[in-house]
Amino acid sequence: SDVCSSDLLVRQAQTAGLAVQGRVTPQWRRGKPVGIGKLDLNLRARDFNLAALPLPDLVPVTGLASLQAHLLGSPSALTLQGQASLGGLALGDLAFASPLQGPVRFSPSQGLVVDLQGGKDQLRVATHQGDRDIDVLIRGGQAYAAGYTQGDRFFAEVKQLPLNRLKLPQAGINGIGTFSGTVETATIQGNWRNPSIAADFDILKIGRAHV
């Protein structure tokens, strides 16, 4: 990093597989820097292994993620515009077209939108959509899942979802193990804060294996 006029020029910085280049403008008070006034940064990640993410052990996730994006604004009003790609994405035995590609956007007023598509497959996550806090849509082959949260409550609809390799609950808890089969249709609703869930399932050829 070099000091350039009143700005800090970031030639190249890397952390956890993310490369950063751009400019940081300090916030000045009485001739002294007291914080960050503005960021103008280019972000790049290439072939990040999704299996390395600290995700719950419920669904094995594999694939490689890449990102090119521009981060701009003050810390309290940051915007992000970019493109993302997921190669070889699989959730358990549910494999997606490769690659899934599309825009990534964030602003304080419109929230986060990630919309990746490949053929008829799609992975979309959005926040602050009307009265919904988080909105999720997943299409992979014949599988379909859509859900959203409102405050403490969550709602989901699932169709043609393979259960193979799902761990319900996580492996090692009470020796329950794994399930197999396909959820033909399901509607699920519940509450995060006061754990409760109600669901209607139609499961084809269910199986169970101990661990």
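Observations on the structure shown:
- Net charge in the neighbourhood of ASN194 (other residues with Cβ under 12 Å of its Cβ; Lys, Arg +1, Asp, Glu -1) is +1.
- Span from the the stretch 1-53 Cα centroid across to the the stretch 57-112 one, whole angstrom: 20
- Take each peptide in 29-41, 92-104, count the other Cβ atoms within 10 Å of every residue, and average; sorted highest first, the result is 92-104, 29-41.
- Listed peptides 42-55, 123-136 appear in the order 123-136, 42-55 once ranked by packing, highest mean of other Cβ atoms within 10 Å at the front.
- q = 0.13, 0.15, 0.23 Å⁻¹: log10 I(q)/I(0) that the Debye formula gives for the stretch 57-101, counting C-alpha atoms only: -0.44, -0.53, -0.76
- Summed residue charge, Cβ within 11 Å of LEU67's Cβ, Lys/Arg positive, Asp/Glu negative: +1
- To the nearest 10, the accessible area of GLU184 is 60 Å² with a 1.4 Å probe.
- Amide H to amide H, with H built 1.01 Å from N, SER74 comes under 5 Å of LEU39, counting only residues 5 or more places away or on other chains.
- Each residue of the stretch 99-115 was assigned a 3J(HN,Hα) from its phi angle through the Karplus curve 6.51 cos²θ - 1.76 cosθ + 1.60 (θ = phi - 60°); the sequence is x, 8, 9, x, x, 10, 9, 8, 8, x, 7, 10, x, 9, 10, 10, 9 Hz, with glycine and proline shown as x.
The values are calculated or read from the model by the stated rules, or taken from the named source; none is laboratory data. Note that the structure is a prediction, hence the values are computed from the model and not measured. All Cβ positions, glycine included, derive from the backbone under ideal geometry; neighbour counts span all protein chains shown. Calculation scope for accessible area: heavy atoms of the full protein, side chains included, ligands and nucleic acids excluded. Shrake-Rupley method; radii C 1.70, N 1.55, O 1.52, S 1.80 Å.
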